[in-house]
Amino acid sequence: MPMYQQGNSCCSEHALQNGEVDPAVKALEARQDEIMRKLYELKAAVEGLSKTVTTPDADLDLTVSSSLCTQSISAATFQGTTDLDALLGKDQGALRDIVINANPAQPPLTLLVLHSLLSQRYRVLSSVHVHSSVASVSPQLLSCLGPRHADSYARHLFQLGFTLIWKDVPKLQMKFSIRNMCPIEGEANVARFLFKLLAPYPNDPALATLVDQWVDVAFFQLAEGSAKEHAAVLRALNSALGRNPWVVGPEFSLADIACYCCMLSSGSAPSAPANVQRWVKSCENLGHFSPAKGLVQ
Amino acid sequence: MTKEEVQGAAEEDQQVQSKKGLKKQQKEAEKAAKKAEKQAKLAAEQQGSEEDDFSKDRYGVSAMVQSQQKLDRTLTRVQDLTTERADQLIWLRARVHTSRAKGKQCFLVLRQQQFNVQALVAVGDRASKQMVKFAANVTKESIVDVEAVVRKVEQKIESCTQQDVELHIERIFVISQAEPRLPLQLDDAVRAEGEGEEEGRATVNQDTRLDNRVIDLRTTTSQAVFRLQSGVCQLFRDTLTNKGFVEIQTPKIISAASEGGANVFTVSYFKTSAYLAQSPQLYKQMCICADFDKVFCVGPVFRAEDSNTHRHLTEFVGLDIEMAFNYHYHEVIDSITDTMVQIFKGLQDNFQTEIQTVNKQFPSEPFKFLEPTLRLEYKEGVAMLREAGVEMGDEEDLSTPNEKLLGRLVKEKYDTDFYVLDKYPLAVRPFYTMPDPNDPKYSNSYDMFMRGEEILSGAQRVHDAQLLTERAIHHQIDLEKIKAYIDSFRYGAPPHGGGGIGLERVCMLYLGLHNVRQTSMFPRDPKRLTP
């Protein structure tokens with residue numbers, strides 16, 4: 001689409017003797033500005049649509065102006081309903097606060113992504129604390145959950161609390177209800193719990209198990225494994241992605257989040273095979289992964 | 001009678017006389033001989049002992065120091081006796097903690113505040129038998145000046161703080177002698193309760209300690225506790241000063257009870273009566289109305305509460321804060337909690353020696369906290385308690401056992417010993433507390449807890465004279481008694497809030513101790529007025 005350059009030639013030619021511009025000219029210019037703006041918007045919309053065609057499940061490219069984005073991304077991404085009361089217990093009239101204790105040496109990228117998704121779905125009060133067992137933490141880690149919500153002085157206005165504590169712990173740990181729940185350990189397990197607050201696992205038990213299997217592969221082999229293991233996983237990913245747009249099938253799932261984040265933290269993304277690279281781009285187009293990417297850079 | 005007879009009689013007399021005389025003389029001679037013998041023996045002995053005591057001028061009881069002379073002698077601190085000083089000849093002044101003779105040697109432990117070191121006097125070319133005997137007989141707690149060589153030891157001396165060296169004494173003088181019978185033994189005073197029971201050894205109970213506080217305060221544990229307390233005060237002042245606060249002094253003799261009539265001490269004031277201040281509340285607020293913006297004060301607080309608990313004193317040191325804020329009282333909470341966090345960090349970084357010393361006698365978990373400080377709403381606290389099985393109303397105040405239970409639940413979930421509970425129900429707070437704008441059942445007030453026990457009660461204050469009057473009437477308070485207080489808000493008052501902590505309670509809870517008398521030097525409670 002050819003772009004029209006805005007020229008100033010109209011003004012000078014039609015300037016009246018006393019230096020003022022003819023109001024008729026002004027009106028014309030205003031209409032021209034309006035048309036230019038609409039053209040820009042249209043261009044952006046077409047670009048977004050083109051990405052949608054190539055990237056399954058992408059509503060709109062989030063790099064485009066946010067004024068075009070009227071629908072919550074995750075609502076479209078995840079089908080199926082979840083019931084907070086069923087998962088977290090009856091609402092006692094006070095904030096339900098999820099506490100995550102993480103070691104600053106191993107930031108939990110998947111949980112940051114899930115936090116961002118949760119924040120779009122629910123009213124989430126996010127806080128970051130540093131435990132006295134840790135001397136100090138980088139400013140990036142302190143602001144990894146995004147800017148403080150304007151209403152954070154009124155805790156009861158929120159549906160869910162997400163409290164991240166940087167602490168000297170050997171393994172990542174999540175605590176919610178002291179009475180009814182034992183702590184959950186390990187990033188993979190916490191990720192599974194948090195994901196269920198967004199959307200249920202696939203109904204098909206085989207598919208659900210496949211998601212879990214990929215999550216395990218991501219955490220045990222991609223994040224922690226040797227170079228050989230990385231290569232093997234990437235090959236497996238490549239063949240899986242040859243058949244489907246997403247790791248487990250036609251639907252975006254926790255497996256995609258886990259694989260993307262573990263690849264990011266192990267640094268194997270640049271050397272990945274073709275299908276994997278394409279899938280990485282698709283993931284990024286969804287826009288959920290910016291918190292994770294921001295931390296690794 | 002003839003001349004010869006008279007002569008004979010005289011001669012007889014003389015003979016009789018000389019017999020008596022002889023006897024007398026003999027007796028005297030015997031006496032003199034005995035005396036001479038005794039003297040000779042004594043002289044011989046003395047000569048003998050003087051001959052043996054070649055170190056006569058290296059020990060003894062010094063004359064009382066009345067500043068007879070100004071000696072330019074450097075005394076080394078026991079704390080500084082490390083292997084770096086090996087083979088140096090030093091002087092030091094310390095207390096004799098223990099001394100015991102063992103054959104030709106005498107072992108002493110010399111103590112200086114939190115530190116102690118092993119020392120020995122051995123019979124040799126420097127020290128005589130008499131000197132060793134003298135050293136063994138110096139009474140416990142006596143203050144001595146000692147000149148000694150610092151020597152490295154092969155095996156660590158576990159029972160002393162200075163484990164790598166010992167002192168070989170060359171000279172020892174008693175500067176101040178202690179009476180032989182001590183009201184309590186320091187070793188017993190430092191012994192942990194459990195250890196005492198196990199080994200069947202004595203420990204000292206609290207009343208004995210408090211009655212003989214001067215000696216009890218000499219223990220390594222007490223020295224550590226009060227050094228840490230001094231640190232808390234210092235950190236409080238420094239942190240607030242850096243935040244732009246001004247330190248103020250408020251009067252303690254006041255005309256009207258500030259918090260409520262019941263728990264106040266009355267003093268006679270010339271022809272009338274006055275009261276001892278229960279808190280600097282009124283004056284802190286007046287300073288804010290006087291445009292000091294942010295103030296703090298450190299001073300005594302008097303509460304005539306007849307409570308004999310582990311955490312109540314009738315007189316304690318209050319550390320109080322008050323500040324004007326811009327739009328929301330959370331600005332005040334943030335300031336107070338940040339100050340507390342700076343204090344905790346300062347103690348963690350600079351007072352580890354003291355914390356470890358206290359833990360030896362009173363073991364406890366190290367103090368944990370979050371930065372920024374955890375703030376939960378009252379409703380959340382109630383929800384957590386109800387989940388744990390406690391039945392309570394929405395607007396009910398927290399009882400002490402519930403506070404402790406909530407502290408444990410918060411510790412379990414967030415792993416912090418310090419947190420803020422915000423938005424208390426209005427009904428349980430003083431009349432000058434600002435009500436919540438959105439929910440009349442609640443208020444803009446907060447409590448802070450350490451290890452599950454309350455250390456601070458604070459709030460946004462009512463700064464409007466009319467609302468203040470309404471609230472006072474609602475609480476059935478005699479307006480005449482608080483007229484001066486209400487008047488302070490009539491000529492423009494900024495929105496403000498604050499809170500106060502008790503120094504003794506904060507120290508007790510930080511160290512994990514169980515009785516506030518352990519952190520008060522000369523505690524005052526309903527049963528104790530002296531020392």
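Annotations
- Residue-averaged beta-carbon neighbours from other chains (10 angstrom radius) around B:325-331: 1
- Of the chymotrypsin sites (Phe, Trp or Tyr not before Pro) found in segment B:51-144, the ones in coil according to DSSP and having at most 15 other Cβ atoms within 10 Å of their Cβ are B:Phe54.
- Computed P(r) (all Cα pairs; segment B:293-449; 5 Å bins; percent): 2, 7, 13, 16, 20, 20, 13, 6, 2, 1, 0
- Eligible lysines near B:Lys38 by straight Cα distance, threshold 19 Å, same-chain separation 8 or greater: B:Lys27
- Entry note, chain B: relative contact order of 11 percent, from Cα contacts under 8 Å with a spacing of 6+ residues.
- Reachable lysines, given that their alpha-carbon falls under 26 Å from the alpha-carbon of B:Lys34 and they are not under 8 places away in the same chain: B:Lys19, B:Lys20, B:Lys23, B:Lys24
- Convex hull volume per residue in cubic angstrom - Cα atoms of segment B:227-371: 153 Å³
- Qualifying trypsin sites (Lys or Arg not before Pro) in segment B:441-531, where qualification requires a DSSP coil assignment and no more than 12 other C-beta atoms within 10 Å, comprise B:Lys441, B:Arg490, B:Lys527.
- Listed pairs B:Lys252/B:Lys345; B:Lys360/B:Lys413; A:Lys90/B:Lys368; B:Lys379/B:Lys413 exceeding 21 Å between Cα atoms: B:Lys252/B:Lys345; B:Lys360/B:Lys413; A:Lys90/B:Lys368
- For the segment A:176-187, counting C-beta atoms of other chains within 10 Å of every residue's C-beta and taking the mean gives 2.
- The packing ranking, built from the mean of other Cβ atoms within 10 Å per residue, places the peptides A:271-284, A:171-184 in the order A:271-284, A:171-184, highest first.
- Evaluated with a Cβ-only charge set (Lys, Arg +1; Asp, Glu -1), chain B carries a dipole of roughly 2140 debye about its Cα centre, given to the nearest 20.
- Histogram of C-alpha separations across chain B, 10 Å bin width, %: 3, 14, 20, 18, 13, 10, 8, 4, 3, 2, 2, 1, 1, 1, 0, 0
- Within segment A:205-294, the ratio Rg/Rh, alpha carbon atoms throughout and Rh by Kirkwood, equals 0.92.
- Pairwise Cα distances in segment A:86-198 exceed 24 Å in 21 percent of cases.
- With only Cα atoms counted, the protein assembly as shown has Rg and Dmax values of 42.1, 192 Å.
- Percent of C-alpha pairs per 5 Å bin, segment B:221-518, short to long: 1, 5, 11, 15, 18, 18, 15, 10, 5, 2, 1, 0
- Inter-chain neighbour count for B:415-425: the average number of beta-carbon atoms from partner chains within 10 Å of each residue's beta-carbon is 2.
- Computed helical MRE - 222 nm, chain B, DSSP H runs ≥ 4 contributing -39500 (n - 2.57), nearest 500: -11500 deg cm²/dmol
Every number in this text was worked out from the coordinates using simple rules, so none of it is lab data. All figures in this text were calculated on a predicted structure; none of them were measured in a lab. Cβ coordinates were reconstructed from backbone atoms using ideal geometry, including for glycine residues, and neighbour counts include every protein chain displayed.
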